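Only one structure is covered here, and it is reproduced in the block below.
The values are calculated or read from the model by the stated rules, or taken from the named source; none is laboratory data. The structure displayed is predicted, hence computed values, not measured ones. All Cβ positions, even for glycine, are placed from backbone atoms using ideal geometry, and neighbour counts span all protein chains on display. Surface areas here come from the heavy atoms of the whole protein model, side chains and all, with no ligands, DNA or RNA. Shrake-Rupley method; radii C 1.70, N 1.55, O 1.52, S 1.80 Å.
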Amino acid sequence: MMMSSIGRRLAPLAVLALAALAAPAQAAAPADPSGTYLTEDGRARVRLEKCGAANDRLCGYVVWLKVPLNDKGEPRIDFKNPDPKKQARASLGHQLIMGLKLNADAHYEGKIYNSEDGKSYDVTIWTDAPNELTVRGCLIAFLCKSQTWNKVVDLAPGQLPGPTNAPNGPRSDPEFVTAPPPKPTAKAAPKAPAKPAADAPAPQ
């Protein structure tokens with residue numbers, strides 16, 4: 001009797017479980033993390049925005065530094081960058097998040113550049129809570145650490161307010177420049193219908 005009673009109770013649960021498995025899986029809708037965030041250590045503000053030729057990637061730029069000057073009182077530069085052409089560029093405004101792609105979990109993943117050591121690391125970025133960004137960086141596959149960045153809407157003193165690649169804005173690396181929208185092609189004005197020729201005067 002005991003086993004029969006338990007069986008009758010579990011049967012509806014088994015049916016529900018099978019129905020759940022049979023239902024088509026729906027992909028999670030990706031949350032757009034675009035915006036400006038204060039890093040967890042409070043040392044920088046990073047602006048995230050869509051980028052790339054198809055505008056389907058995610059890029060990030062340093063738009064504010066808590067300490068923008070070095071010990072000599074000069075603007076900090078990216079002197080540890082492995083690319084000699086970038087070693088003289090200003091740290092303020094440089095690109096650190098490199099064209100992340102959406103993965104199967106609706107998170108953005110790719111590479112993040114660390115100007116403090118001149119190295120790039122694997123990173124995954126997503127947002128689960130309003131005004132918060134989770135940034136998970138990995139030195140190697142099993143050595144990862146997550147940070148929470150908080151969205152800001154004010155403009156701090158010294159922050160770059162301009163659009164990317166415009167005056168007073170950050171600079172993107174050439175391979176991640178967002179293509180401008182195509183210009184509408186001018187349509188030719190319709191031709192006016194030809195006027196019928198005037199009747200020739202009848203001969204006298």
Worksheet item: Can you name the condition, by its number, that D78 falls short on among (1) modelled with pLDDT under 95; (2) over 22 Å from R136 (Cβ atoms); (3) surrounded by 17 or more Cβ atoms within 10 Å (Cβ to Cβ)?
Response: (1)
Worksheet item: Name the residues in the range 81-100 that are under 16 Å from the mean Cα position of the chain (by Cα) and either of a type in the set (A, V, I, L, M) or open to solvent by 50 Å² or more (accessible area, probe 1.4 Å) (or both), would you?
Response: L96, I97, M98, L100
Worksheet item: Can you name the number of the only condition in (1) surrounded by 13 or more Cβ atoms within 10 Å (Cβ to Cβ); (2) on the phi > 0 side of the Ramachandran plot; (3) within 17 Å of the chain's Cα centre (by Cα) that G118 fails?
Response: (3)
Practice prompt. Specify the residue that is nearest to N114 (Cα to Cα); the eligible residues are those in the range 39-68 that are exposed (fewer than 11 other Cβ atoms within 10 Å of the Cβ) and hydrophobic (A, V, I, L, M, F, W, C).
Written response: V67
Item to complete: State all residues of the range 131-175 that are part of a helix (DSSP H, G or I) and free of Cβ contacts under 8 Å to residues at least 12 places away in the same chain; if no residue qualifies, say none.
Response: P174
Worksheet item: Here is a list of conditions, (1) under 24 Å from D56 (Cα atoms); (2) among the charged types (D, E, K, R); (3) assigned to a strand (DSSP E or B), and D128 meets all of them except one; can you say which number that is?
Response: (3)
Item to complete: Go through the range 126-157 and give me each residue that's closer than 19 Å to R43 by Cα and open to solvent by less than 40 Å² (accessible area, probe 1.4 Å).
Response: L133, T134, V135, G137, W149, V152, A156
Discussion item. If I go through the range 123-176 residue by residue, how many of them are farther than 17 Å from A31 by Cα and touching a His at 6+ places or on another chain (Cβ under 9 Å)?
Written reply: 3
